[in-house]
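What follows is a set of notes on a single structure, which appears directly below.
The values are calculated or read from the model by the stated rules, or taken from the named source; none is laboratory data. Keep in mind it's a predicted model, so treat the numbers as computed, not measured. Every residue, glycine as well, gets a Cβ built from its backbone with ideal geometry; the counts of neighbours run over all protein chains shown. These area figures cover heavy atoms from the full protein model, side chains too; ligands, DNA and RNA do not enter into them. Shrake-Rupley method; radii C 1.70, N 1.55, O 1.52, S 1.80 Å.
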Amino acid sequence: MSFSPLTSACSSLGVKSSSLIVQLGFHTAENNKFPGAFVSSPKRTKTKKFSIACSSTDPLLVKAARGDPVSRPPTWMMRQAGRYMAVYRKLAEKHPSFRERSETTDLIVEISLQPWEAFRPDGVIIFSDILTPLPAFGVPFDIEEVRGPVIQSPIRFEDDLKALHPIDLEKLHFVGESLKILRREVGGHAAVLGFVGAPWTIATYIVEGGTTRTYTTIKSMCHTAPNLLRTLLSHLTKAISEYIIYQVESGAHCIQIFDSWGGQLPPDMWEQWSKPYITEIVSVVRNKCPKTPLVLYINGNGGLLERMKGTGVDVIGLDWTVDMADARKRLGSDISVQGNVDPAYLFSPLSAVTKEIQRVIKCAGPRGHILNLGHGVLVGTPEEAVAHFFDVSKSLNHDGSSQNHSMEESKLLV
C-alpha cells in the first residue's frame, strides 16, 4: 500500500505545522539519509484513522506538550500500569506470560485502563514493550523468568542482516486495536499515549542478544563493524517510523521515544550513533503527522540535554538526576519538558512527596511542562503514594494557588 493514506490521515490536523514550529521555536529535522537502509515498502494493516485537530478540546497533556497555556501541569507516570498495583498482580496470576499480557488486545486494554480507573491520570499509555515490534520485522525474542528478554539469533555479522525484512504491521494488529479502544474509553478526558524504543536502544538488545550491563559487543561494533551497525540502525529507523505512524493512525495522541540505553554512550558517541536516527524518525513522523507531539526520554540524560533538543522532538523527558531548574536554563523556553520526580520519593512520607512535586512544578515554570517521574514506577511502590501524587498535581494551579490542598495536608501526612 502506498503512503498517501498516511499523509491524508495524519496531515489533516487543523493547523499548519510550519506555524506551530515557528510559534514554539522547535527545531526542524533534516531528512538525513543513511547508508545501507532497507527501502522495501512495509506491509500495511487497515485501521480506522484518527484526525487529531489542534483545538481547545485537545487533552491537557497535548496542550502542554505543544507549549500552549494550561491551568495546571498534566500528569502521568512511566510504568503507570504494572506490578505495584494489586489488581495487576491478580491479573498476572491468571495470565503469567508477559508476552500474552502485552500482545492480547483485551488484556492490553484492561491493564492500560487499570491506573486510569484508579487515579485518573492525564495520560493513558498503552501497556506494551519496546521489543514488541521486533518479530514484525524479523527478530523473534523470548522473555525468560530470570534473564528477561532473550534473542536467540543476535545480529553481529553481515549475513545476519538477511533475517530482517520490512515491518509487517498486520503482526501488530493488537497494538492498533488496543489504541482504538483506549481512545474511545478515555474520550477527551485524557491523552492516549503510544511509545517506541529508539534505534540505538533496540539495537543493543538485537546485537547483545538481550539485556546487558556493559554493552561491550555493540560498542565495539561501532569501531569494528560500523557499516554493519549503520545498516541495522537504518533498518530500525524505518521500521520504528512506520510503527509510530501506525500508532498515531490508531488513535495515539502523543508518542514517547525511549532511548533507554542512549545514556550508556559518551555524548560524542550518542551524537554519532543515536541522534541522527532519532532525528530521521522525527522528520518522517512530523512530515506525516505534524501535530502529534513527540517526547524523547533517555535514562541518564544529564550530559545530553542540548543534543536531545537538536533531534527536533517537542518534549524532553528528564530523569531524576537532572535538576529541573538547570534543565530549563540549558534547554530554553522553546521546548517542553517532562518529569522528573525521583520514583523513590513515593516511598517517603506524603509530605515529602507534596513538597517535591511543588518544587519540580515551580522550577519547570507555568508553560510546557508535563509532570512525571524521572523513571518508571518502582515495584513495591505504595498505591496510596501514587494516588497522592495525582491528587496533589491536580490541586495545583499555575497561578501559584492550590485548590484547598494545603488545608487538607495535615490529614494526609500522618
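What to note about this one:
- Those strands (runs of 3 or more DSSP E) lying entirely in region 271-370 with at least 1 residues touching a residue at least 12 places away in the same chain (Cβ under 8 Å) and either touching a Ser or Thr at 6+ places or on another chain (Cβ under 7 Å) or over 18 Å from Leu61 (Cα atoms) (or both): 294-297, 315-317
- Selected residue [open to solvent by 10 Å² or more (accessible area, probe 1.4 Å), touching an Asp or Glu at 6+ places or on another chain (Cβ under 6 Å) and at pLDDT 95 or above] from Thr237, Thr231, Thr217: Thr217
- Enumeration of residues in region 240-273 that are of a type in the set (S, T, N, Q) and either open to solvent by 30 Å² or more (accessible area, probe 1.4 Å) or farther than 15 Å from Ile206 by Cβ (or both): Ser241, Gln247, Ser250, Gln256, Gln264, Gln272
- Odd one out for Leu134 among (1) touching a Pro at 6+ places or on another chain (Cβ under 8 Å); (2) open to solvent by 20 Å² or more (accessible area, probe 1.4 Å); (3) under 22 Å from Glu280 (Cβ atoms): (2)
- Some residue of region 274-281 being farther than 30 Å from Thr216 by Cβ, surrounded by 23 or more Cβ atoms within 10 Å (Cβ to Cβ), touching an Asp or Glu at 6+ places or on another chain (Cβ under 9 Å) and not polar (S, T, N, Q): no
- Only a single item in (1) surrounded by fewer than 19 Cβ atoms within 10 Å (Cβ to Cβ); (2) under 26 Å from Arg83 (Cβ atoms); (3) touching a His at 6+ places or on another chain (Cβ under 8 Å) is not met by Leu107, and it is number (1).
- When restricted to residues that are of a type outside the set (S, T, N, Q) and touching a Ser or Thr at 6+ places or on another chain (Cβ under 6 Å), region 189-202 contains 2.
- Elements of the type strands (runs of 3 or more DSSP E) sitting completely within region 101-183 and holding at least 1 residues that are closer than 30 Å to Val70 by Cβ and within 22 Å of the chain's Cα centre (by Cα): these cover 123-125.
- Odd one out for Glu93, checked against (1) modelled with pLDDT of 95 or more; (2) surrounded by 13 or more Cβ atoms within 10 Å (Cβ to Cβ): (2)
- All of Thr321, Thr311 fail the test of being among the β-branched types (Val, Ile, Thr), farther than 16 Å from Arg66 by Cβ and surrounded by fewer than 16 Cβ atoms within 10 Å (Cβ to Cβ), apart from Thr321.
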